[in-house]
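Q: This is the structure I have questions about; it appears just below.
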Amino acid sequence: MMDDAKKKALKRFSIQTQMEIVKMISRVPAGHIGGSLSITDLLSVLYNKHMKIDPKNPKWENRDWLVLSKGHCGPALYATLALKGYFPMEQLETLNSPGTNLPSHADRNRTVGIDMTTGSLGQGASTAAGVAVGMKMDGKDNKVYLILGDGELNEGQVWEMAMMASTKKLDNLIAFVDYNKLQIDGRTDTDEVCNLGDICAKFAAFGWYAQRVDGHDIEAIDEAIANAKDHKGDPSVIVLDTVKGNGWSRIADTAGSHSRGVSPEELEEALAEMQTVMDNI
Ligand SMILES: Cc1ncc(C[n+]2csc(CCOP(=O)(O)OP(=O)(O)O)c2C)c(N)n1
Ligand SMILES: [Mg+2]
């Protein structure tokens, strides 16, 4: 159980992250806003509660790793890292501008605190599992947290990784599926593109310990991660029921939220809506 004060603090951090995301994207012609807004609750629980990290020593060899395999949602991770003190908040203003350390997709060679370069869907799954194998070989007990998109599960590479991870008993690998029910051009929970069906059952069939929770419920996410950490012998997956564009009703649960710009008027609208939620926590 998480105490009420902690739960509220983590929700506030998530909303702060959302506000930074919309501000960042309002400065560029377009950005991956929908899938960034759907993972801020998860990032808040990971970075404020579960991950073994040291923002002052980002390459600390005993740290846990975060692989954002849906690397197009870099803005969500950048806002989280800045709020955690990995780099100054002002740097967020440089998203995607010439010479920036914050490209639209996550890049470990350019951004302090980014553990893995991602953006080609599916590949982060394999690199995360590879890092988990390496940690086992070194006798370390750190964890690798992997964030997959639901549309990303269309990539066969994810399932190749799933087979290998259970064979190698990678219980230091905890994956999340951001099940926001939308990919670029359609739904993931109908026959519109590729129907994902029962994601938990599929991972379980590959030998994974699978859980499914409300991805906007801080306490539920926290408990699922705690269960995953306790589970020995198998890799874990936590399927998070989320809303693409969560936090800004104009774009929530719309395909158009995948990548779009934010006009000055829309920025005001989004920030006001988020502030209202923040004030009522
Ligand atoms: C291998 C590969 N194919 C295509 C793309 C282009 N692409 C970027 S995001 C995206 C949709 C991803 O959908 P989902 O995983 O559901 O992400 P989210 O809803 O979180 O934005 C696609 C097809 C890519 N980045 N990599
Ligand atoms: Mg999606």
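Q: Could you tell me the ratio Rg/Rh of segment 4-279? Both radii from Cα atoms, Rh via Kirkwood.
A: In segment 4-279, Rg relative to Rh is 0.94.
Q: Mind checking the full-extension length gain between Glu265 and Ser120? Use 0.36 nm per residue of separation minus the Cα-Cα distance, one decimal, nm.
A: Fully extending the segment from Glu265 to Ser120 adds 48.9 nm.
Q: Now a separate question. Cα centroids of segment 53-104 and segment 1-21: how far apart, whole angstrom?
A: Between the Cα centre of segment 53-104 and that of segment 1-21, the gap is 18 Å.
Q: Let me ask you something else. Compute the FRET efficiency between Asp214 and Ser97 as 1/(1 + (r/R0)^6), taking r as their Cβ-Cβ distance and R0 = 41 Å, and round to the nearest 0.05.
A: So the FRET efficiency works out to roughly 0.70.
Q: Put one equal scatterer on each alpha carbon of segment 163-281, apply the Debye formula with no solvent term, and list log10 I(q)/I(0) at q = 0.19, 0.23, 0.24 1/Å to two decimals.
A: Values, matching the q order: -1.04, -1.22, -1.26.
Q: Now, a different point. Cut-off 11 Å, label point 7 angstrom out along Cα-to-Cβ of Val28: give me the residues of segment 61-95 whose amide nitrogen falls inside.
A: In segment 61-95, the label zone of Val28 (backbone N under 11 Å from the point 7 Å along Cα→Cβ) covers 72-76, 78, 93-95.
Q: To continue, here is another question. Where q = 0.15, 0.18, 0.22, 0.23 Å⁻¹, what log10 of I(q)/I(0) comes from the Debye formula for segment 114-212, counting one point per Cα?
A: With one equal scatterer per Cα and no solvent, log10 I(q)/I(0) is -0.59, -0.83, -1.19, -1.27.
Q: Here's a follow-up. Please report, in debye to the nearest 20, how large the charge dipole of the chain is about its Cα centre when each Lys and Arg carries +1 at its beta carbon and each Asp and Glu carries -1 there.
A: The dipole of the chain has a size of about 900 debye.
Q: Name the GluC sites (Glu not before Pro) in segment 31-131 that are in a loop by DSSP and that have at most 15 other C-beta atoms within 10 Å, would you?
A: Those satisfying the criteria are Glu61.
Q: Net charge near Lys6: determine it from the other residues with C-beta under 12 Å of the C-beta of Lys6, scoring Lys and Arg +1 and Asp and Glu -1.
A: +1
Q: Ok, one more. Can you pull the one-decimal nm distance between simple spin-label points at Lys59 and Asp4, each 7 Å off the Cα toward Cβ?
A: 4.6 nm
Q: Now for a different question. Would you mind checking segment 31-58 for residues with the amide N under 15 Å from a putative spin-label position 7 Å along Cα→C-beta of Arg110?
A: The answer is 31-32.
Q: For the chain, take the longest principal axis of its alpha carbons; what is the angle in degrees between that and the long axis of helix 123-137, to the nearest 10 within 0 to 90?
A: 50 degrees
Q: In percent, what relative contact order does the chain have, based on Cα pairs under 8 Å that are 6 or more apart in sequence?
A: With pairs under 8 Å counted, the relative contact order is 24 percent.
Q: Roughly what angle does helix 156-167 make with the longest principal axis of the chain, taking Cα atoms, 0 to 90 degrees, to the nearest 10?
A: 40 degrees
Q: Still on this structure, please answer the following. For a quick check of your reading of the filter: which GluC sites (Glu not before Pro) in segment 123-214 sit in a DSSP loop and have no more than 16 other Cβ atoms within 10 Å?
A: Qualifying residues, ordered by number: Glu192.
Q: Distance between the C-alpha centers of segment 222-242 and segment 160-217? Whole Å please.
A: 12 Å
Q: Name the trypsin sites (Lys or Arg not before Pro) in segment 236-281 that are in a loop by DSSP and that have at most 15 other C-beta atoms within 10 Å, would you?
A: Counting only loop positions with at most 15 other Cβ atoms within 10 Å, the trypsin sites (Lys or Arg not before Pro) in segment 236-281 are Arg250.
Q: To the nearest 10 degrees, how steeply does helix 74-83 sit against the main Cα axis of the chain, on a 0 to 90 scale?
A: It works out to around 80 degrees.
Quick note: the coordinates plus some simple rules give every number you see, no bench work behind them. Because the structure is a prediction, the values reported are computed rather than measured. No Cβ is skipped: glycine too gets one built from the backbone with ideal geometry, and neighbour counts run over all protein chains shown.
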